[in-house]
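Undergrad: Shown below is the structure under consideration.
The values are calculated or read from the model by the stated rules, or taken from the named source; none is laboratory data. In this text, all values refer to a predicted model and were calculated from it rather than measured experimentally. Glycine gets a Cβ as well: all are built from the backbone with ideal geometry, and neighbour counts include every protein chain shown.
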Amino acid sequence: MKTSKQDTVYDVIILGGGFEGLGAAFTLAEKGKKVLVAESRPSLGWEATWTYNLELQKGISKYADILADEISSSGGTKGNRIDPVLTELSLLKMAKNIEILHYCCPSGFEIENNKVKALIMAGKSGSFYLQAKSYIDATENRITTGFTGEKDSEQPSKHIYSFFMNAVENTENLPEKVNYGNGVLLIKNTPWKGEAAIEFETSRSMYQARLEIPEILKFIRAKVSGMEKAIMTHSANIGLPIYAKNTTNFQSKTENIFYPSRRNATSAQGREALLSERMKSGEEAAALLMKKLDTLSAPAKLDRACPPSVIPEDAEHTDIIVCGGGTAGAVAAIAAGKQGQKTKLIEASVCLGGIGTAGAIHVYYHGVTGGIQDEIDRRVSELDALYAPDKMKRGFHPEVKKTVLLEMALEAGVSIEFESMLTGTETDSVEQHLPAGKSERADRKIKSVITNNLSGVNRHTAEVFIDSTGDADLAALAGCRYSLGRDTDAVPHSYSQPSDSIIEDKSIKENNFDMGYCDPTDPWDMTRARIIGLRHYQNASFADEKRAFALAPLLGLRNSRLIYGKYRMTLADQIKASEFPDVIGYSYCHYDNHALDYENESDEAMIWVWCLGNWHARIGCEIPYRSLLPENIVNLLVACRAMSLEFDAHNQLRMQRDMQRIGEAAGIAAAISCRDKKYPTEIDVKKIQEKLFESGALKNKENNYHWDGWKPENLFALQMKNNLLASGENMTDIVKSAYDLKTLKNKLDSDKAEEKYNAALKLALANDEKARKVLLDCIKERCPIKTEGYKTAEMWKPAMMLAGMLKIKEAIPLLNEVINDETSDQAALIAAMKALARLGEKASAPLIEKMLKRDNLPSIQTFQRSSGHMPVVEENSLWKLELAAVECLSGLGVKRPDIIERYIDNESAVIRRSALRIKEKTGV
């Protein structure tokens, strides 16, 4: 995998972005050294920001003191107590001269002449090299000692776990500790009014400690005055490890890698100086390294771009492996386990549930109930009152759902590996069942998956695999064909960095706002997106009444790879409410595309939203089992948003209830596959349907599970005059079937511009000659009226797009005027250029080139804000205009490779990918 930093040689690479690693990084960066901090978790200072160990003592460490002052300036301190959100934002601000890499793990070294020549990193798209003169291993377990054969790490004996209560009465009078069972609960104030932290020791793993919270909540509500009506808002992502002793300095036999000493927590109490002392040990390690750094030479250039795969010989075998424990994957594992199959769940994050729990989107948006998800929702509702006595006013409690999903997975016998990243796979060929020439790719099966975690590299084998990574990581690593982003320019859905706040009625409210584009397959771009997302909070208000109390550890990634499967669902399927013989579920929503630039979307999307005003129209259809089956991997099911969908179709079928449904179906299918000793591609779909009927996920068995009960009354297909199932696949056929064309024709002579032009947009698609002429009037007048509906544009803009699509040559002079007009916005310019390219008007090419030379081109794009109080994000999008111009000019016979080259090395992987897409399409 090529990375954007592949050719960089650093002075120092620091593995581990905790306080020790940051102390070293700050010290080295201040001395002008080029430093990279590689931290697999998407957060700096994990001891405070993820475990919520929140005492920061001054007078011990230079940079801990700077950090304390920075947090204090934002109002996030009270004595030695610090706020975790402001701590993370402050650390990020302090790291402005340090490069950061999240979302990947170290997996090995290449050592030459007793020196590390290169570090091998593994991410979700494979392995890559990093190089430096020297390395500091500041990971908690000194992971690289395993690479050098000098394994030196101590396992923690216990963990300290924390959770927070808000709307607590009389926090100043709370006891500091309360006896509980054989131990104590520590109760600590925070910088915020009405908030208290509860801390306890546990012998459970750092990921399962949350299972103790319900009993502790019952206890403190009964025994601690002021806690009766408080709301439990958030808990630590992981527990803080407790060790028997501190970690001492370790001298490696390898010349250019250093292992500093470290202060550890040895009990729940007496941790006031832990963060500062860890920062200090990093500073001291950097000072020692500085004495040797000038004597170390830069490593020789590598003779190959990609490292060899690191694949352990040993492997643990199981029946079913589910990669990804998010919205779909958690349910898939539970469903498989309930069927009695030995199931392993591999999750890159720290909890189950994905975007609904770790992504701060703890509310269902449309979708159909039924099946295992009903049991999940019932158990969440039953436990909800314990966490939030006044009940959640919106959605479900994310902490409750984390606990319920973990309980249900363990009850089903599922083995779970948290913080394990899928980084590779082994595949093998299988006997072909199709006649020669019927398949472009030979069938293969997955033998094993390779994962990286805090302990190193691991190999796992199974009979059946389920890809619930959200990004089709396993499918892609196994060689499945996929698309990424919209067909026009490879741009994916926008992403968000959500957070949680408390609203006045003592309920948790998500802040969900888009902030640009991110390539979910690239760890460098994921890191860039995370940092940009967090920086938007640095200017936010942190007053008591609306502060963000938790930053979601997961980015809101709405779209990534989309596989090519046995059937690829379309937007037309959803508009027509298509039915399938292999139905495994029902789904409805609307065309929930957050894009605001429909001039860059597909023709179908532009027509659906701009011409027809149907962004909010309810659409949906049955979900076919074939859409979970990749083209050529016989023992893999893809159960996540990366299932076999066209880009336009994913906007409707990506909601949490949809994902929970396909997760259950995939888990059941995998179990049947194991029992019947057949590949998922070979099993009888009726067996899956029968199990789904038993769970309540499918209805109406007597009609082959085709059931109208899932359809809302306002479903588009139910409101139209004809049965849309009989219409064709393209938007023209749908318009002809859906709308009363006779009535629309009568409106073409209306005196009301809105009525006349609205009718023309529809009728032109039905090849009405008069409507084509009316479209010209609409463009000429630049009608400022928008089609009724959300996210529509002034009618003259879709009229331009249609003029190009329908080859209305009379529009050419009008389109040229738009190009020449310096008041034209970006949408108008791109719409006009695309129309001219479709019309093949080569005489317009000089006008487009002249336009590109202007220094006042419209370049600011705004993004959608879905909920919360954060400001709307704006971003420079000149690249969209210029790359669209390259494509249009190419169609008119003019090549502009200089513009492509301008973006081919952009820091944004999405912009790079878009430039490459345009280059491929045009041959520039």
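Undergrad: Out of Ser381, Ser415, Ser420, which single residue is polar (S, T, N, Q), within 23 Å of Leu474 (Cβ to Cβ) and surrounded by fewer than 22 Cβ atoms within 10 Å (Cβ to Cβ)? It would help to see each step written out before you state the result.
TA: Working: Ser381 fails: within 23 Å of Leu474 (Cβ to Cβ); Ser420 fails: surrounded by fewer than 22 Cβ atoms within 10 Å (Cβ to Cβ).
Result of the check over Ser381, Ser415, Ser420: Ser415.
Undergrad: Hey, another quick one. Filter the stretch 82-109 down to residues that are of a type in the set (D, E, K, R) and buried (at least 17 other Cβ atoms within 10 Å of the Cβ), then give me how many there are.
TA: So the answer is 3.
Undergrad: Can you name the residue in the stretch 216-272 that is farther than 25 Å from Gly59 by Cα and β-branched (Val, Ile, Thr) and is also modelled with the lowest pLDDT among such residues?
TA: Per the criteria, the residue is Thr254.
Undergrad: Select, from Val464, Val457, Val491, the only residue that is within 30 Å of His869 (Cβ to Cβ) and among the hydrophobic types (A, V, I, L, M, F, W, C).
TA: Of the residues listed, the single one that is within 30 Å of His869 (Cβ to Cβ) and among the hydrophobic types (A, V, I, L, M, F, W, C) is Val491.
Undergrad: Follow-up question, since we're still on this one. Looking at the stretch 247-270 only, could you name the residues that are more than 19 Å from Asp137 (Cβ to Cβ) and not in a loop (DSSP other than H, G, I, E, B)?
TA: Result: Ala265, single match.
Undergrad: While we're here: Out of Ala328, Ala287, Ala333, Ala300, I need the residue that is out of contact with any strand residue (DSSP E or B) (no Cβ under 9 Å at 6 or more places or on another chain) and of a type outside the set (D, E, K, R). Which one?
TA: Answer to the check: Ala287.
Undergrad: Here is a follow-up. Pull out all pairs, ordered by first then second residue, where Cβ-Cβ is under 6 Å, the residues are six or more apart or on different chains, the first lies in the stretch 703-722 and is under 22 Å from Asp582 (Cα atoms) and outside the structural domain of Lys686 (by TED's automatic domain parsing), and the second is outside any helix (DSSP H, G or I) and of a type outside the set (Lys, Arg).
TA: Correct list of pairs: Tyr705/Val583; Tyr705/Leu698; His706/Glu579; Trp707/Asn700; Trp710/Val368; Trp710/Tyr586; Ala717/Ala577.
Undergrad: Would it be correct to say that Asp582 is in contact with a Pro (Cβ under 8 Å, 6 or more places away or on another chain) and surrounded by fewer than 22 Cβ atoms within 10 Å (Cβ to Cβ)? Spell out how you get there, then give the answer.
TA: Numbers: in contact with a Pro (Cβ under 8 Å, 6 or more places away or on another chain): yes; surrounded by fewer than 22 Cβ atoms within 10 Å (Cβ to Cβ): yes.
Taking the combined requirement at face value, the residue satisfies it.
Undergrad: Being part of a loop (DSSP other than H, G, I, E, B) and not hydrophobic (A, V, I, L, M, F, W, C) is the requirement here; does Thr461 meet it?
TA: When the stated conditions are applied, Thr461 does not pass them.
Undergrad: Going by the conditions given, is Gly45 crowded, with 22+ Cβ neighbours inside 10 Å, closer than 19 Å to Phe26 by Cα and either of a type in the set (Lys, Arg) or modelled with pLDDT of 95 or more (or both)? Quick ask: steps written out before the conclusion?
TA: Details: crowded, with 22+ Cβ neighbours inside 10 Å: yes; closer than 19 Å to Phe26 by Cα: yes; either of a type in the set (Lys, Arg) or modelled with pLDDT of 95 or more (or both): yes.
When the stated conditions are applied, Gly45 passes them.
Undergrad: Let me confirm something: among Glu39, Glu55, Glu70, which residue is surrounded by fewer than 23 Cβ atoms within 10 Å (Cβ to Cβ), in the same structural domain as Met121 (by TED's automatic domain parsing), under 32 Å from the mean Cα position of the chain (by Cα) and within 24 Å of Phe163 (Cβ to Cβ)?
TA: None of the others qualify; the one that does is Glu55.
Undergrad: From the list Ala287, Ala298, Ala244, which one is among the aliphatic types (A, V, I, L, M), touching a helix residue (DSSP H, G or I) at 6+ places or on another chain (Cβ under 8 Å), surrounded by fewer than 14 Cβ atoms within 10 Å (Cβ to Cβ) and not in a strand (DSSP E or B)? Please lay out each step first, then the result.
TA: On the way: Ala298 fails: touching a helix residue (DSSP H, G or I) at 6+ places or on another chain (Cβ under 8 Å); Ala244 fails: touching a helix residue (DSSP H, G or I) at 6+ places or on another chain (Cβ under 8 Å).
Exactly one residue qualifies, and that residue is Ala287.
Undergrad: Counting only residues that are loosely packed, with under 14 Cβ neighbours inside 10 Å and on the phi < 0 side of the Ramachandran plot, give me the strands (runs of 3 or more DSSP E) lying completely in the stretch 829-889 with at least 1 of them.
TA: Details: elements: 860-862, 865-867, 874-876.
Fully inside the stretch 829-889 and qualifying: 860-862, 874-876.
Undergrad: So Val380 fits all but one of (1) farther than 16 Å from Glu407 by Cβ; (2) not in a strand (DSSP E or B); (3) not basic (Lys, Arg); what number is the exception?
TA: Result: Val380 fails condition (1) only.
Undergrad: Another question, if that's okay. When the residues of the stretch 568-615 are narrowed to those that are among the polar types (S, T, N, Q) and assigned to a loop (DSSP other than H, G, I, E, B), which ends up nearest to Cys480 (Cα to Cα)?
TA: Here is the first cut: in the stretch 568-615, the residues among the polar types (S, T, N, Q) are 570, 574, 578, 587, 593, 600, 602, 614.
Still in the list and also assigned to a loop (DSSP other than H, G, I, E, B): 570, 578, 593, 602, 614.
Working: Thr570: 19, Ser578: 26, Asn593: 25, Ser602: 24, Asn614: 33 Å.
Result: Thr570.
Undergrad: From the set of residues in the stretch 776-790 that are out of contact with any strand residue (DSSP E or B) (no Cβ under 8 Å at 6 or more places or on another chain) and surrounded by fewer than 19 Cβ atoms within 10 Å (Cβ to Cβ), which is farthest from Ala760 (Cα to Cα)?
TA: Tyr790
Undergrad: Return the pairs, sorted by first residue and then second, in which the second residue is of a type outside the set (Val, Ile, Thr) and surrounded by 24 or more Cβ atoms within 10 Å (Cβ to Cβ), the first residue lies in the stretch 311-333 and is on the phi > 0 side of the Ramachandran plot, the beta carbons are less than 6 Å apart, and the residues are 6+ apart or on different chains.
TA: Matching pairs, first to second residue: Gly324/Ser468.
Undergrad: Same structure, new question: When you check Ala348 against the structure, is it touching an Asp or Glu at 6+ places or on another chain (Cβ under 6 Å) and in the same structural domain as Tyr679 (by TED's automatic domain parsing), yes or no?
TA: no
Undergrad: Under 9 Å by Cβ, and 6 or more places apart or on different chains, what pairs join a residue from the stretch 173-201 that is at positive phi and touching a residue at least 60 places away in the same chain (Cβ under 8 Å) with one that is of a type in the set (S, T, N, Q) and buried (at least 18 other Cβ atoms within 10 Å of the Cβ)?
TA: From residues that are at positive phi and touching a residue at least 60 places away in the same chain (Cβ under 8 Å), the pairs are Gly194/Asn166; Gly194/Thr171.
Undergrad: Another question about this same structure. Which fully enclosed helices (runs of 4 or more DSSP H) of the stretch 646-747 have 1 or more residues being within 29 Å of Thr488 (Cβ to Cβ)?
TA: Qualifying helices (runs of 4 or more DSSP H): 647-650, 656-676, 716-719, 731-738, 741-746.
Undergrad: Continuing with this model, one more query. With respect to Ala335, determine if the residue is over 26 Å from Asn512 (Cα atoms), of a type outside the set (D, E, K, R) and surrounded by 23 or more Cβ atoms within 10 Å (Cβ to Cβ).
TA: yes
Undergrad: Which condition does Thr190 not pass, out of (1) over 30 Å from Lys506 (Cα atoms); (2) touching a Lys or Arg at 6+ places or on another chain (Cβ under 8 Å); (3) hydroxyl-bearing (Ser, Thr, Tyr), if it passes all the others?
TA: Here Thr190 clears every test but (1).
Undergrad: Further, regarding this structure: So which residues in the stretch 647-675 are touching a Lys or Arg at 6+ places or on another chain (Cβ under 6 Å) and charged (D, E, K, R)?
TA: Arg654
Undergrad: Here's another thing I want to ask about it. Please state which one of Glu70, Glu88 is free of Cβ contacts under 8 Å to residues at least 40 places away in the same chain and touching a helix residue (DSSP H, G or I) at 6+ places or on another chain (Cβ under 7 Å).
TA: Only one candidate passes the filter, namely Glu70.
Undergrad: Moving to a separate point now. Enumerate the pairs (first residue in the stretch 810-827 and at negative phi and modelled with pLDDT of 95 or more; second residue anywhere and charged (D, E, K, R) and exposed (fewer than 14 other Cβ atoms within 10 Å of the Cβ)) with beta-carbon separation below 7 Å, excluding pairs fewer than 6 apart on the same chain, so at least 6 apart or on different chains.
TA: Glu822/Arg854
Undergrad: Could you list, in sequence order, all residues of the stretch 896-910 that are assigned to a helix (DSSP H, G or I) and among the hydroxyl-bearing types (Ser, Thr, Tyr)?
TA: Within the stretch 896-910, Tyr903 is the sole residue that qualifies.
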